[in-house]
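Accompanying notes for the structure given below.
Derivation of every value follows stated rules applied to the coordinates shown; laboratory data play no part. Because the structure is a prediction, the values reported are computed rather than measured. Cβ placement follows ideal geometry from the backbone for every residue including glycine, while neighbour counts extend to all protein chains displayed.
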Amino acid sequence: MSLLPAEISRPLERLGQRLHAMIKGSQAESQRGSDASGSAARPLVRAAYGGPTLDIEETDDAVIVRAELPGLQPTDFTIETTADRLILRGEKRVESEERGRGFYRVERRYGAFVRNVALPCRVERDRAEASYRDGVLKVTLPKAETAKARPIQIRVA
């Protein structure tokens with residue numbers, strides 16, 4: 001038995017039914033992976049930081065790896081090398097706070113990452129150099145002598 005008069009309770013019941021139907025429909029679309037228009041459904045939870053984007057360049061004498069690490073300090077990440085791999089580990093911690101008239105907002109994003117990159121050739125890890133400027137890490141890995149290209153003379157018979 002409703003405590004409200006019928007002219008108020010009936011519209012509220014209909015509204016409740018419509019809201020439940022919308023929620024069920026939204027859940028079904030999320031499970032299918034697309035909405036009514038056929039486009040992919042977006043997850044309700046934002047993905048964590050997956051790590052930096054990388055560019056790998058191979059020259060005649062070296063392999064150069066550039067990683068975008070905006071907002072990080074050099075103490076927030078480490079670099080390791082082997083003869084044929086580069087391993088970049090770190091953690092991104094971003095906090096922002098904003099106050100205004102009638103509101104207060106704090107956002108925090110955290111995420112540890114590991115990028116394990118297979119290099120295109122063997123390198124001399126003892127001679128590796130790294131620099132970090134404006135959020136971009138540049139690692140220069142000199143090629144091992146056996147990995148460098150060598151010209152081959154062709155004999156004409």
Q) From the backbone phi of segment 131-147, what are the Karplus-calculated ³J(HN,Hα) couplings (6.51 cos²θ - 1.76 cosθ + 1.60, θ = phi - 60°) in whole Hz, Gly and Pro given as x? A) 9, 9, 8, 6, x, 10, 8, 10, 10, 9, 10, x, 5, 5, 4, 5, 8
Q.
Treating only the Cβ of Lys, Arg, Asp and Glu as charged (+1, +1, -1, -1), what charge dipole size does segment 54-147 show about its Cα centre? Round to the nearest 20 debye.
A. 600 debye
Q.
I need the phi-derived Karplus couplings for segment 103-113: 6.51 cos²θ - 1.76 cosθ + 1.60, θ = phi - 60°, integer Hz, Gly and Pro marked x.
A. 8, 9, 10, 10, 10, 10, 10, 10, x, 8, 9
Q.
Restricting to Cα pairs below 8 Å that are 6+ residues apart, what does the relative contact order work out to for segment 54-147? Please round to a whole percent.
A. 33 percent
Q) Taking square-rooted eigenvalues a ≥ b ≥ c of the alpha carbon gyration tensor, is segment 54-147 rounded, prolate or oblate, where a/c under 1.5 means rounded and, failing that, a/b exceeding b/c means prolate? A) prolate
Q: Compute the distance in nm between two label points, each set 7 Å from the Cα along the Cα-to-Cβ direction, one at A149 and one at R109.
A: 3.9 nm
(Q) Which order do the peptides 117-125, 98-106 come out in when sorted by mean C-beta neighbours inside 10 angstrom, highest first? (A) 117-125, 98-106
Q) Using r as the Cβ-Cβ distance of E95 and R18, and R0 as 35 Å, what FRET efficiency do you calculate, to the nearest 0.05? A) 0.35
**Q.** Using θ = phi - 60° and Karplus 6.51 cos²θ - 1.76 cosθ + 1.60, couplings along segment 82-94 (whole Hz; Gly, Pro as x)
**A.** 10, 5, 9, 9, 10, 10, 10, 10, x, 9, 9, 10, 10
(Q) List the lysines whose Cα sits under 26 Å from the Cα of K138, skipping any in the same chain fewer than 8 residues away. (A) K92, K148
